[in-house]
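All of the numbers you see were taken from the coordinates with simple rules; none came from a lab. This one's a predicted model, so the numbers in the text were calculated from it and none came from an experiment. FYI the Cβ positions are ideal-geometry reconstructions off the backbone, even for glycines, and counts take in every protein chain you see.
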Amino acid sequence: MEQIRSLLRQLDDMIWGPVLLVSLLGTGIFLLIGMNFLPLRNLAWALKCAFGRENSGKTGRTRVTEPDGSGPRRGGISQGRGISPFSSLMTELAATIGTGNIVGVATAMVLGGPGALVWMILSSLAGLSTKLAESTLAVRYRTYNEKGEPTGGPMYTLSAAFPLKRLGRGLGKAFALFAVFASFGMGNMTQSNSIAEALWNTFRTPRAVTGLVLTILTILAVLGGIAVISRITLVLVPVMAIFYLLGALTVILLHLEHLPEGLGMILSMAFSPRAAAGGVGGRLVADMSRALRWGVSRGVFSNEAGLGAAGISAAAADTRDAVRQGYISMTGVFLDTAVICTATGLALASSGVLGMTDEKGALLTGAALTAAAFATVFGPGGAAFVSIGISLFAFATIIGWAYQGEKAFEFLVKRKKYCIFYRFLYGFAAFLGAVCSLEAVWDFSDICNGLMAVPNLICLLALSGEVCGMVREYGRRFML
């Protein structure tokens with residue numbers, strides 16, 4: 001078992017090495033330039049679309065047409081069986097806003113130094129264009145299953161539009177397979193394990209009890225399909241995000257006198273050849289390469305830009321406008337990384353907990369470090385606050401990934417009726433994750449996440465001319 005774990009760890013390090021990170025960042029920058037920086041220029045408009053009155057999804061500005069312009073695609077016209085664009089965004093955010101926003105930020109700022117936060121934010125700017133592209137293509141090339149439900153994602157885009165048809169179908173199947181494995185692992189078992197760990201450490205709740213409750217709640221949610229999942233996320237995501245942000249902002253405001261020093265440390269260590277934090281950064285030592293490596297990798301882990309899963313949720317939107325839905329989906333990157341992750345990072349930097357050690361002399365990291373930051377304001381309740389935050393975030397991830405994994409499974413089996421088996425297995429996996437040790441599952445899940453990105457990035461690069469042209473034309477047409 002130890003040899004298998006070591007092999008998985010080595011494979012994980014290799015897949016999430018410089019090649020994949022540069023590919024994710026490079027693809028985002030390439031698309032951003034090809035789109036004339038419209039994702040950045042139109043971010044405010046995209047947020048208005050996502051949270052304004054027009055988010056009901058009942059109407060669209062443009063009809064999605066065939067790539068040759070011959071007329072509307074069946075997949076591009078709303079048939080009334082999808083969910084609203086805003087609900088689609090909330091389902092997407094449910095899958096992305098998770099432990100990465102609490103644990104991932106703290107880990108990045110310890111292993112990569114406080115400057116890793118800068119690279120998380122910078123990589124998210126490139127990720128705007130990546131998510132805009134993958135979501136736009138997912139809506140453009142979606143289809144409908146036998147129940148009339150919209151279904152799409154990179155696997156459908158690859159199968160329908162990739163220049164080399166046979167290779168495209170193969171890449172689509174590979175993406176779907178990796179997505180199914182990732183849904184059980186990173187989307188489910190690792191999240192339920194985080195919930196069980198947090199509740200045991202804080203409230204001494206038995207892991208089996210946590211697992212049983214999670215299994216029941218998960219099965220009840222996923223049996224209702226996207227309609228029930230979207231209604232849950234429509235309430236859960238805003239509540240949990242506001243709940244956590246208020247706590248993080250309280251920490252920042254009550255340590256406001258240390259915020260300038262914390263910001264200076266973050267900015268200086270993001271670009272320094274080698275620097276020791278000192279001051280509020282304790283004894284942390286890092287350099288630019290480590291800050292970049294951990295900032296980009298944890299940023300992608302958090303917002304999932306480039307992995308392709310967001311396109312599956314975007315395709316469920318009841319809209320005729322592929323580009324507009326792409327813009328709405330794009331805001332998920334901004335909200336996840338530039339807002340929530342930044343709030344976590346500033347709370348850590350201003351509270352003076354960076355560089356703290358435990359009773360054994362090891363640097364605090366992960367959830368323990370974030371809990372220590374909240375404890376500076378909330379006292380013993382800080383750990384409870386973080387545990388509740390982790391539980392809400394992780395459960396949202398479980399049900400958000402349930403839809404994405406099921407659609408990938410449906411693509412492989414070709415029949416909606418077989419998805420009932422996936423739903424019950426998915427619910428049982430939540431129990432298994434809560435009661436078992438998951439070091440190997442974490443590595444395997446991370447591997448599947450990384451492998452998902454490969455066919456998705458190939459798809460984005462192959463269709464970059466088409467999707468960049470759609471975004472530029474949309475900007476010209478509506479004077480954006």
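Checking the a/c ratio against 1.5 first, then a/b against b/c, what shape does the Cα gyration tensor give for segment 132-185?
rounded
Nearest 500 deg cm²/dmol is fine: what mean residue ellipticity at 222 nm does the chain get from its DSSP H runs of n ≥ 4 alone, each adding -39,500 (n - 2.57), divided by its residue count?
-23000 deg cm²/dmol
Select from the chain the helices, each a whole stretch of DSSP H, whose alpha-carbon atoms run 30 Å or more along the helix axis and whose Kyte-Doolittle mean is at least -1.0; answer none if there are none.
Membrane-span-like by this criterion, though nothing is claimed about a membrane: 116-140, 225-254, 381-413, 439-462.
Counting other C-beta atoms within 10 Å, which of 110, 386 has the fewest, and how do the rest follow?
110, 386
Which distance in nm do the two modelled labels at residue 242 and residue 362 give, with both placed 7 Å along the Cα-to-Cβ direction?
Using points 7 Å along Cα→Cβ, the separation is 3.9 nm.
Given the Cα-Cα distance of residue 436 and residue 4 and 0.36 nm per residue of separation, how much length would full extension add, in nm?
Between residue 436 and residue 4, full extension yields an extra 153.8 nm.
Among (1) 235; (2) 163; (3) 137, find the value of volume of the Cα convex hull per residue in Å³ that was calculated from the structure presented, and write down its label.
Evaluating volume of the Cα convex hull per residue in Å³ on these atoms matches (3).
Quick check: net charge around residue 152, other residues with Cβ under 9 Å of its Cβ, Lys/Arg +1 and Asp/Glu -1?
+3
Under a Cβ-Cβ cut-off of 13 Å, what is the net charge of the residues other than residue 307 that fall near it, where Lys and Arg count +1 and Asp and Glu count -1?
That works out to -4.
For segment 296-323 and segment 191-209, compute the distance between their C-alpha centroids and round to whole Å.
Taking the Cα centre of each part, segment 296-323 and segment 191-209 sit 29 Å apart.
Based only on other Cβ atoms within 10 Å, what is the fewest-to-most ordering of 122, 214, 220, 128?
220, 122, 214, 128
Please state the charge dipole magnitude for the chain, taken about the Cα centre, from unit charges on C-beta atoms (+1 on K and R, -1 on D and E), reported in debye and rounded to the nearest 20.
Here the size comes out at about 1580 debye.
Below 8 Å between Cα atoms, with a sequence gap of 6+, how large is the relative contact order for the chain in percent?
34
Quick check on my link table: of 165/416; 147/407; 147/414; 165/417; 131/407, which ones sit more than 20 Å apart, alpha carbon to alpha carbon?
165/416; 165/417
For each of 257, 197, count neighbouring Cβ atoms within 10 Å of the residue's Cβ, then give the residues from fewest to most.
Fewest to most other Cβ atoms nearby, the residues stand as 257, 197.
Just add up the charged neighbours of residue 448: K/R +1, D/E -1, any other residue whose Cβ is under 13 Å from the Cβ of residue 448.
-4
I need to check one value: relative contact order of segment 289-428, counting alpha carbon pairs closer than 8 Å and at least 6 residues apart, in percent.
15
Could you list the GluC sites (Glu not before Pro) in segment 321-410 that lie in coil according to DSSP, counting only those with at most 12 other Cβ atoms within 10 Å of their Cβ?
For GluC sites (Glu not before Pro) across segment 321-410 that sit outside H, G, I, E and B with at most 12 neighbouring Cβ atoms in 10 Å, the list reads 359.
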